[in-house]
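A short write-up of the structure that comes next.
The values are calculated or read from the model by the stated rules, or taken from the named source; none is laboratory data. No experiment lies behind these values; they were computed from the predicted model shown. Cβ coordinates were reconstructed from backbone atoms using ideal geometry, including for glycine residues, and neighbour counts include every protein chain displayed.
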Amino acid sequence: MPLTTPAIEVKSLAKSYGRLKAVDGVSFSVGTGEIFGMVGPNGAGKTTTIECLEGMRFPEGGELQVLGLDPRKDGQALRERIGVQLQQSALPDDMKVWEALDLFASYYRKPAAWKPLLDRLEISDKTNTRFSKLSGGQKQRLFIALALVNDPELVFLDELTTGLDPHARRSMWDLVRAIREKGKTVFLTTHYMEEAEHLCDRVLVIDHGHVVALDSPANLVRGLKSEIRILFTAEPGFDPAALQALPGVTRVEKNGENVILAGQGDRLIVFVVNALDAAGVRFRNLRTEQPDLDDVFLALTAETGLDGVSR
């Protein structure tokens, strides 16, 4: 989507921990109303970047503007206008849902009414439930409610769905879209490439403190020019070697009756099906696998790998 008035502007952000350059010259903008994603391996600089934007850490270099404010100088004013869901959050086990919301609402000059938030997040029946009795998905919904209790213009969601089952994860995706539909900007970090591909208007890939790519998920995948995989089951005795000569084919493998063919080109599957038909080969379970954001992520970060540092 085209950028509107920037909600976030970052120019040459730098932050080190001793000799470790956690963030080294990072620059990007986030448009108002975007769902903007940041992905990268462990130690890439994601958490450091997001904490600088939230005013939780002070960078050593670069320029930051969040909703037109400098997080270093305007921290109090900024906190009134942003919502934050941290990567690791917890509340006292005995604290009830309503107590948590009442407490967090008291921190702001103009808090939102939190009861409608519970309705929207589908946990209104848990108002009197203690934190320890909530399921993982319910706890995440509560943390989103706490991040929205001040009716923020910009919401930071750090590893929102880590540890959730697939059903709960999809439910969270719907909630993120609903937040954006209210006119808010969403900045999220995630380790799930499927999540970034489905939710985000644009995705920034960061590795070892540097931006290595920034574009829409579709453009990132398109720019990869990765191979298409064609899979099918062939009749016994079929020798797939003849398929290797087809236009665009780069690799053919066979495991028992299962054949995996890789290559490039919009007409690759047409060439394969026509060749099988011309040779009188009976086949079934034909399907294709297109490159996705996982492939992009692996290609862009393959050289450096994971260093295991949590930043």
* Specify the residue that is nearest to Val296 (Cα to Cα); the eligible residues are those in region 1-60 that are surrounded by fewer than 17 Cβ atoms within 10 Å (Cβ to Cβ), free of Cβ contacts under 8 Å to residues at least 24 places away in the same chain and of a type outside the set (A, V, I, L, M, F, W, C). => Arg19
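Checking the conditions here, which among Lys96, Lys115, Lys133, Lys126 is among the basic types (Lys, Arg), crowded, with 20+ Cβ neighbours inside 10 Å and touching a helix residue (DSSP H, G or I) at 6+ places or on another chain (Cβ under 9 Å)? Give the steps one after another, and end with the answer.
Details: Lys96 fails: crowded, with 20+ Cβ neighbours inside 10 Å; Lys115 fails: crowded, with 20+ Cβ neighbours inside 10 Å; Lys133 fails: crowded, with 20+ Cβ neighbours inside 10 Å.
After ruling out the rest, the residue left standing is Lys126.
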* Structure fact -> All conditions in (1) crowded, with 18+ Cβ neighbours inside 10 Å; (2) among the polar types (S, T, N, Q); (3) assigned by TED's automatic domain parsing to the domain that holds Arg180 are true of Gln76 except (1)
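Among the residues of region 254-272, which ones are assigned to a helix (DSSP H, G or I) and either over 27 Å from Arg222 (Cβ atoms) or not assigned by TED's automatic domain parsing to the domain that holds Asp239 (or both)? So that I can check it myself, show each step before the final result.
At the first step, the residues of region 254-272 found to be assigned to a helix (DSSP H, G or I) are 268-272.
The answer is none; no residue qualifies.
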* Structure fact -> Flagged in region 154-203 as of a type in the set (Gly, Ala, Ser) and surrounded by fewer than 20 Cβ atoms within 10 Å (Cβ to Cβ), in numbering order, are Gly163, Ala168, Ser171, Ala178, Gly183
* Unique match (being on the phi > 0 side of the Ramachandran plot and part of a strand (DSSP E or B)) among Gly83, Gly25 -> Gly25
* Asked: For Asp102, are the conditions met, namely being over 26 Å from Met193 (Cβ atoms), assigned to a helix (DSSP H, G or I), at pLDDT 90 or above and of a type in the set (D, E, K, R)?
  -> yes
* Are any residues in region 128-148 modelled with pLDDT under 95 and outside any helix (DSSP H, G or I), and if so, which ones? -> Leu134, Ser135
